[in-house]
Amino acid sequence: MTRIHFSQELESVRQDLIQMGETTVSLLGEVLHAVSGDGSASAERASELEARTDHQLRTIHDECLSLITLQAPVARDARLITGILDAIVDLELIGDYCYEIVTICGTTKHRAPSPIVHQVSEIVSGIRSALLTALGGWDQKASPDLSVAPQVVAIRGECKALYEKLSQLAAAPVDAMPYVNLLLICRHLDRIARHVACVAEQAANAAPATRN
């Protein structure tokens, strides 16, 4: 494999990563519909998107291994490939959590009060925005200082505060099921936020390989 061909293949893999991220962003859109209860969410659509992330992970993983096998990459290219391999795992896990949230929402018979639903929706919107920024870090044309760390810290703080509120409501002598489901959703959102931060961090670590 010539150096030019290798560079082209590496760029193609990077674009595949961005496309996988776009699939995950679409899944977060399904989560937003499901949480807000606007009727647009589709468990079937979420399942298709989640399956797509699984396929994209396998494809990108194989592409990266092929690049490593066929041409021992120099340090900066190796750093990029390693970052991609780590990032696709985070994106696939985000997809898994998103699908679980949509499924939970679909089985919830009683909805929580609107202010709480709105708060959860705001958290989902914030995560989706952070993921878009994190994916921008993998774009050669993007600014290299696309840190989402402060945003993720704030989101996780909101998740923690909401979890504590939901725990109190679930313990009250009322129908606790809507709050129990939201407790699980809140935990999933916190985990998603952590994975988003990892995607951004991996992009920052790989930046010298993509921006000269």
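The values are calculated or read from the model by the stated rules, or taken from the named source; none is laboratory data. What you see is a predicted model; the values in this text were computed from it and never measured. All Cβ positions, even for glycine, are placed from backbone atoms using ideal geometry, and neighbour counts span all protein chains on display.
Scanning the range 1-12 for residues that are of a type outside the set (S, T, N, Q), touching a helix residue (DSSP H, G or I) at 6+ places or on another chain (Cβ under 8 Å) and surrounded by fewer than 20 Cβ atoms within 10 Å (Cβ to Cβ) yields Met1, Phe6, Glu9. Of all the residues in the range 74-107, those that are buried (at least 18 other Cβ atoms within 10 Å of the Cβ) and more than 23 Å from the chain's Cα centre (by Cα) number 1.
Kindly provide the set of residues from the range 102-116 that are farther than 17 Å from Arg156 by Cα and not hydroxyl-bearing (Ser, Thr, Tyr), ordered by number.
Residues satisfying the conditions are Val102, Ile104, Cys105, Gly106, Lys109, His110, Arg111, Ala112, Pro113, Pro115.
Taking first residues from the range 80-93 that are within 9 Å of His195 (Cβ to Cβ) and modelled with pLDDT of 95 or more and partners that are surrounded by fewer than 18 Cβ atoms within 10 Å (Cβ to Cβ) and aromatic (Phe, Trp, Tyr), no Cβ contact under 9 Å between residues at least 6 apart in sequence or on separate chains turns up.
Working carefully through the options Leu131, Leu146, Leu183, find the one that is surrounded by 15 or more Cβ atoms within 10 Å (Cβ to Cβ), at pLDDT below 90 and in contact with a Ser or Thr (Cβ under 7 Å, 6 or more places away or on another chain). Please lay out each step first, then the result.
Working: Leu131 fails: at pLDDT below 90; Leu183 fails: at pLDDT below 90.
Answer to the selection: Leu146.
For Glu100, the requirement of being closer than 14 Å to Leu27 by Cα and either of a type in the set (Asp, Glu) or at pLDDT below 90 (or both) is met.
Given the condition part of a loop (DSSP other than H, G, I, E, B) and closer than 20 Å to Ala206 by Cβ, answer yes or no: does some residue in the range 56-72 qualify? Yes, because at least one residue in the range 56-72 is part of a loop (DSSP other than H, G, I, E, B) and closer than 20 Å to Ala206 by Cβ. Close Cβ contacts (under 7 Å, 6 or more residues apart or on different chains) running from residues in the range 146-169 that are free of Cβ contacts under 8 Å to residues at least 60 places away in the same chain to residues that are crowded, with 18+ Cβ neighbours inside 10 Å and not in a helix (DSSP H, G or I) comprise Leu146/Gly137.
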